[in-house]
Amino acid sequence: MRRFLSAMLAAALVLSAATPAMARHHAPAAPKANKAAVTAAQPAKQGPDLRIGLAAGQGSVTISSAVGKGMARTEAGKSVLLAAGQSYDVRWQAGAFLVGREKLRGEILIIRPSDKSDGGLALDGRRYRGALELRHRGAGLTAVNIVPVDDYLLSVVPEEMPTDWPAEALKAQSVAARSFALKSRGRHAAEGYDLCTTTHCQLYKGIASEKTASTAAVRATRGEVLTYGGQPIEALFHTDSGGMTESSEDVWGNPIPYLRAVRDTPLGTMPWTKTVSTADLEKKLAAKGHNIGRLRAIELSPLAVGRAAKDRTASGRVKAMTVTGTKGSVTLSGNAWRSLLGLKSALFDAKLTKDSVTFTGFGAGHGLGISQWGAKRLAETGRSYADILHHYYTGVTLQHNFY
C-alpha cells in the first residue's frame, strides 16, 4: 500500500505519506477450530493462479508485449503473433476479436508471452506478470490478469505497506496478503474473476509498484499461509489499532475465532480530532432517513482504550451512540457513525457544543486483524514475522509449503 492510506472500507481517508492503506472487506464465514502451530518448513512450489479483474465494460483495450514477443489466441485455435514493443488495439466486432487487423473468432482471447520473459505484457500501458484474458461480457470487454499468487503479491505488498518499514513487518504483511488472496478466490465470480484491484480486495497496480524490499519479503515467505481448520484465513488488517484490536462480532456481527481483540502497546496511538457542524450532522442523518430535527444531546460513555462499557466494546470502540434532537432520537453503531461522518476509527469520544460536535479518537481503520503500525513497532523490538502474526490472529497455523 504505498498509496498510503486511502480507503477505510470504501470511504476515502488520507493519512501522512508514511501511513499504510487499510484492509476493508466483508465479514468472513466462521471456520472450524484449530490450535496454533507452525508446520515444518519444506521447499515451496509456485503458487496457484489468481484471476484479477483489471477492467470491465471496455469498448476497446490496447495490449502489447513489452519485453519479448507475445501470442494472442482464442479457444477456437487461431492465433496472432505480437511483435515485441508494438501495441495492438483489441475490440469485439461481429462475433470476433479484432486484434489490430486480424480477426479471431471465439469467446475468450488469451494473451501470453511467447518466451519465458516475466512481465512482458501490458494492458492500456500498464505492465503485468502472467497472462491476460479478454472476454466479451455484456456491453464490452472484461480484462483479467491470470497471475500466480506470489507474482500478484509483488505488487500488492508495496501498495499495502511502506517498503522502508522493517523486514519482519513486510514479511507479516506478505503472509497476511497471501492468506487473504487465497481465502478470497471467487469473491468476484459473478464478474468473471477472483479479486478486484481496489481496497475492496487488495490494491494491485502491476509491475510498476514492485519494490526490492517487498519483493524480498514475498520471496522469503513463499508458500506460507495462515490457516484455521486447515483452510486459509481471511487475514484482515488495518492501519493502527489505537492500542487494542477488535473482535469480529463487534464490527461485522459474526464471531470469527481467529479475529479476537488483542492489546497493543502503547495505548492511545495515532490520536485524531474531527469537528462536524451540528447542521451537517443533522443533514447527513436526514439523508439516511433519520430526521431528528435540531441536535440537542449526545449519549456516549467516556472513552478508555481497552475498557468495555454498556455502549462500548472490550477495546473501547463505540458499540452504539445515541443522539437526540427536537424531533426524536436515533441510535447507530460506532461503525455506522464512522462511515456516516468519515471518522478514522470507531475508537472515539464525542463532545457537543453550541453548533458543532468534536470527535476525538485513536487509531485508524476497522481494528480487525493486524495493526500495521503495531506490526512495525513489534518488528522494531525484535519480534519475528511469525510472532507478529500469532499476536494478531488467535489460534492460527502458520503453514509452510501450503502449495
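Here is how the numbers come out for the structure above:
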item: Surrounding net charge for residue 144, when Lys and Arg each add one and Asp and Glu each subtract one, Cβ distance under 11 Å; result: -1
item: More than 15 angstrom apart: percent of Cα pairs within segment 349-403; result: 63
item: Phi to ³J(HN,Hα) by Karplus 6.51 cos²θ - 1.76 cosθ + 1.60 over segment 355-370, Hz, x for Gly, Pro; result: 9, 7, 10, 9, 9, 10, x, 9, x, 8, x, 6, x, 8, x, 5
item: Order by protection proxy (mean Cβ within 10 Å, highest first), peptides 49-55, 152-158; result: 152-158, 49-55
item: Alpha-carbon centroids, segment 288-344 and segment 170-225: separation in whole Å; result: 35
item: Per residue Cα convex hull volume in Å³ - calculated over segment 61-205; result: 116
item: Sorted peptide list for 177-188, 349-360, 235-246, criterion being average Cβ within 10 angstrom, highest first; result: 235-246, 177-188, 349-360
item: Surface per residue (accessible, 1.4 Å probe) for segment 242-385, Å²; result: 43
item: Beta bridges per DSSP with both ends in the chain, % antiparallel, nearest 5; result: 95
item: Cα-Cα P(r), the chain, percent of pairs per 20 Å interval; result: 26, 48, 24, 2
item: Pairwise FRET efficiency - residue 336 versus residue 384, Cβ, R0 = 45 Å, nearest 0.05; result: 0.75
item: Distant-in-sequence amide H partners of residue 82 (H built 1.01 Å from N, under 5 Å); result: 70, 71, 72
item: Förster radius 51 Å - calculated FRET efficiency between residue 62 and residue 394 (Cβ-Cβ, nearest 0.05); result: 0.60
item: Entries of 211/344; 284/344; 344/376 with Cα pairs more than 24 Å apart; result: 211/344
item: Charge sum, other residues only, whose C-beta stays under 15 Å from residue 77's C-beta, Lys/Arg counted +1 and Asp/Glu -1; result: +2
item: Helix runs (DSSP H) in the chain reaching 18 Å along axis by Cα, Kyte-Doolittle at least -1.0; result: 167-183
item: Separation of the residue 265 and residue 83 label points, Cα + 7 Å toward Cβ, nm; result: 6.6
item: Under 5 Å, built H, 5+ apart or other chain: amide partners of residue 348; result: 318
item: q = 0.18, 0.24 Å⁻¹: log10 I(q)/I(0) that the Debye formula gives for segment 124-229, counting C-alpha atoms only; result: -0.87, -1.38
item: Hydrodynamic radius by Kirkwood, which averages 1/r over all alpha carbon pairs of segment 120-185, in angstrom; result: 13.6
item: Largest-first principal axis extents of the Cα set of segment 66-140 (Å); result: 32, 22, 19
item: Carbon/sulfur fraction of accessible area - the chain, other protein chains in place, 1.4 Å, %; result: 50
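The values are calculated or read from the model by the stated rules, or taken from the named source; none is laboratory data. For clarity, every value in this text was computed on a predicted model and none was experimentally measured. Methodologically, a virtual Cβ is constructed for each residue, glycine included, from the backbone with ideal geometry; neighbour enumeration extends over all protein chains shown. Each accessible area value is taken on the protein alone, full model and side chains, heavy atoms only, with ligands, DNA and RNA left out. Shrake-Rupley method; radii C 1.70, N 1.55, O 1.52, S 1.80 Å.
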